[in-house]
Structure formats: C-alpha cells, structure tokens
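K.L.:
Structure below; questions to follow.
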C-alpha cells in the first residue's frame, strides 16, 4: 500500500476550523447536516476521494456529500467545464451545446428496455420528484400516489407525505391522496417474515392496501431501487418487478427515484438494472451533477407528451437546465463514462463490501452488512439476536473516533450508510476499512458499544 491517504496533523477540529465555525455560527440558521455538525471542521480543498480541512488534516471521505460528489473533489474535467461556461453565459432556458450533449448522454445511459429518452432538468431532488408526480397525474388523469416505509423523496410539502419516517412529525397535515406501504427491508422485515420463504409478503400487503386505503385513483407508485436515507436497504432482485406488476394492476405508472442510485453508484448506470425492471419515469440527481445542483425527470416520448405537463412553461424551472448546470453535469457524466467509474464502483465496492462483511463476525455490535457497488449499508446493533439498534451515543463515539483517524463516515446513526465518491481507489478503500477496524476494536475493548 502507498503512503497513507488519511493524515491528521492536528486533532480535529483544529484552531482554524474552530475559529471559522465560531464566526459562522451567529449567522447560520440551525438544521445543517448532522455529519458536519458533529465534525466541527471547515474544509479547504479536496482531491478525488480525499478532503482537507483548513488545519491541514486530510480525510478519506466515505460520505461524498450524501452521495452527491460522484467525481470526488477537484476533478479537472468538470472544473474546466464550469470555468469555461461561467465566462460565457450561466442562466436561461436557451439551448446550448453542453445541454444537447448532456441530454444525449442521459438518453444513451438509461435502461435499453425502457425507452427513457426525454429529460426535463431541475435543480433539486424534491423539485424533480414533484414534477414527476405532476407528469404521472397528467398522463393517467388520476391523483393518488403510493410510496414506501423508509422512503425519502425530498422535504417540500408536495412530497413530505410520501416520506416513510418520523421526519414529518410536527409539520402539520399532509397532502391528501398519498399512501405508504412496507418496503422489502428484509433485515428488519416490518411483517416479521423471512425472505425468500415469505414469497414477498410485503408485495401482497401492498396489493391489499391499495384496495382498502386508496380511492381507486392511483396515478403512480414511487420507489427507490435501493432505499438510501433508510440505511442503504437493498431489496431482493424480484421485488421491483413485483411492485411494478401491482402498479400495472391498478393502472398506475411506475416511478423509480434514482436520485441516489443513479449514475454508477450501485455498480450499474441505474439501480433498476439490478432487477431488469423498466420504469415509466425516472427521477435523477446527486451524482448526475458531480456536486453541482442539477436533477431531472426522464420518461418516454409518449408519457412526456401528456397534457397539461407538456404545455409551455408548465414543467419548466427557473434554474433547470441552465447553461452552467448543463456544462457541469455534461462533464460529470462524460467523465463517469470515459473513466469507467461505473466499473470502478462495482469493483471497489465489491472488495469493500467483502472486507466490511468480516466485521459482522468480528465485532459484537455489527449486524447486517449489505450493498451494491459503492452503496453499502451496515446495521449497528446493541444485540444481534433482537437486532435492537445501537444507541445514538455509541454511534457518535464511533463517528468521532473514525473522524479523529481521518475517515469521514455516517456512523453517527445505527443504520450506517457508506457512499464514497465513485473515484475511490481500492487502496483508499482498504485503508479506510483498516482504520475503521481499529476504531471498532477500540470501541469493543472499551465496552463503549454498550453505552445507552
């Protein structure tokens, strides 16, 4: 292995970080991402899968801005594209050469069996998902939407009711016509069954729920091919085709939310490719822009022609598809293809998953370890038999010990997500796992995993 990638010169957060964070605090509203609140550092620069703070500490990043930084940091191709476009024109809905190139790249990458060749661009995930729902309603002339426990599709009011967690508690009434059913979370099966003997009982439950809970006017079934926010939950390969079948039975469109799973994250271009299911609509984002805020809705020529979604300005966005965003995303997707980052995610992810699976046998508080490509989920448990989650305090100890060694993780929660940049090398992945092994060994020896 080459010289260490992680390097800690000053125990984080160092004095420069503390000064900058303190200067920002009186003016920054609360609610920032938990990872940076716990880390307490200010970043200076990055290169590939490595981040450096203002005190000179260097970290292996296993978070990538929650799966956003697909190219990592400082990618020269994207940096040049953004700089060159910024000197020309950055706003407006006008056709530009980068946008033409981007739309062509997306059409070539989408699953061959789906005919997803038409894209409308946006700037946030929730904005794209809301547009996808408007499209489904326009096409089907129905109004209800079905989503899943554990699902996450954005924080705006139009999709908040489709969030399958307690995040929406305290935020008042949700929109009518939104329904939630169990997801195939097999490690923590909500129906207390076991796959494959269950015969996909959760899908049977869904079928009955649509009869008993809806008004019989379901426009769309919205699902993540792998649930991200819920803990990188990987369903069985036969799950999505079965869900699509239920959608067809009620005359609904099948929408795959590929915000996190798209553009190489899972070792394939899109998450649906692991099961071969063809979506009617896909929502895309995060890795699409390689860190630049750009998202989209992709569908077939027939579906996007639906009225009123297809009327002038009806599906548009002020910032969607602007020249700067198009240039950034075109460079990101181009680099992903030309540098075989999909293949890298598959290879490095498989090696990393194999190493992390060894943790389940070695440590008393590691339960399920699962993943596809560089989208890995780990359940940290207080008891392997009951699968009770590890306490928040114990998780934060793990996060802080890993951070102090130069590894940025999301281990502050018991359903721990590993989503590094797709440029992560095998050596970097091995070093990160070795450092995590040190952390887990220390937490085990000190008995800190038992803290409640």
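K.L.:
Answer rounded, prolate or oblate for the range 111-266, using the Cα gyration tensor with square roots of eigenvalues a ≥ b ≥ c: rounded when a/c is under 1.5, else prolate when a/b is larger than b/c, else oblate. Present the calculation step by step, with values, prior to reporting the outcome.
P.N.:
Values: a/c = 1.25, a/b = 1.18, b/c = 1.06.
Judged from the Cα gyration tensor, the range 111-266 comes out rounded (a/c under 1.5).
K.L.:
Right, something else. In which sequence would 261, 156 go, from the one with the fewest C-beta neighbours within 10 Å to the one with the most? Walk me through the numbers before you get to the answer.
P.N.:
Working: 261 31, 156 13.
Exposure proxy ranking, most exposed first: 156, 261.
K.L.:
Sorted by packing (mean other beta-carbon atoms within 10 Å per residue), highest first, where do 300-307, 266-273 land? List each step's numbers first, then the result.
P.N.:
Values: 300-307: 15.2, 266-273: 24.0.
Put in order of decreasing packing, that is 266-273, 300-307.
K.L.:
Next up: Provide the packing ranking of 374-381, 115-122, i.e. peptides ordered by the mean count of other C-beta atoms within 10 Å per residue, highest first.
P.N.:
On the way: 374-381: 25.0, 115-122: 22.1.
The densest-packed peptide leads the list: 374-381, 115-122.
K.L.:
Something else now. Which order do 17, 391 fall in if you start with the one that has the fewest other Cβ atoms within 10 Å? If you can, show how the numbers build up before the last one.
P.N.:
Details: 17 21, 391 16.
Ascending Cβ contact count within 10 Å gives the list 391, 17.
K.L.:
Once R0 is set to 45 Å, what does the formula 1/(1 + (r/R0)^6) return for the Cβ-Cβ distance between residue 10 and residue 249, expressed as a FRET efficiency to the nearest 0.05? Spell out each step's value before the answer.
P.N.:
Numbers: r = 60 Å, r/R0 = 1.33.
Here the calculated transfer efficiency is 0.15.
K.L.:
Could you please tell me the mean projected area of the C-alpha convex hull for the range 77-338, averaged over all directions and given in square nanometres to one decimal?
P.N.:
Values: hull surface 55.4 nm².
If you wrap the Cα atoms of the range 77-338 in a convex hull and average its projections, you get 13.8 nm².
K.L.:
Which entry in (1) 21, 46, 21, 8, 3, 0; (2) 25, 58, 17, 0; (3) 21, 45, 29, 5 matches P(r) over Cα pairs in 20 Å bins from 0, in percent derived from the coordinates of this structure?
P.N.:
Read-out from the structure maps to (2).
K.L.:
Also, I was wondering about something else. Need the full-extension length gain, residue 18 to residue 316, defined as separation in residues times 0.36 nm minus the C-alpha distance. One decimal, nm. Mind dumping the intermediate values first?
P.N.:
Working: separation 298, 0.36 × 298 = 107.28 nm, distance 4.19 nm.
Difference between extended and current length: 103.1 nm.
K.L.:
Here is a follow-up. Classify the range 270-327 from the C-alpha gyration tensor, please: rounded if a/c falls under 1.5, else prolate or oblate depending on whether a/b exceeds b/c. All intermediate terms of the calculation are to be shown ahead of the outcome.
P.N.:
Details: a/c = 3.27, a/b = 1.05, b/c = 3.10.
It comes out oblate by the Cα gyration axes.
K.L.:
I need the peptides 430-439, 63-72, 34-43, 81-90 ranked by packing, meaning the mean over residues of other C-beta atoms within 10 angstrom, with the highest value on top. Intermediate results must be reported in sequence, preceding the final value.
P.N.:
Values: 430-439: 19.4, 63-72: 23.7, 34-43: 17.0, 81-90: 14.2.
Result, highest mean first: 63-72, 430-439, 34-43, 81-90.
K.L.:
Then there is this: Checking the a/c ratio against 1.5 first, then a/b against b/c, what shape does the Cα gyration tensor give for the range 177-309?
P.N.:
Oblate, because a/c is 1.5 or more while a/b does not exceed b/c.
Laboratory data are not the source of any read-out in this text; all were calculated from the coordinates shown. Small disclaimer: the values here were computed from a predicted structure and weren't measured. Please note: Cβ atoms are built from the backbone with ideal geometry, for glycine as well, and neighbour counts cover all protein chains shown.
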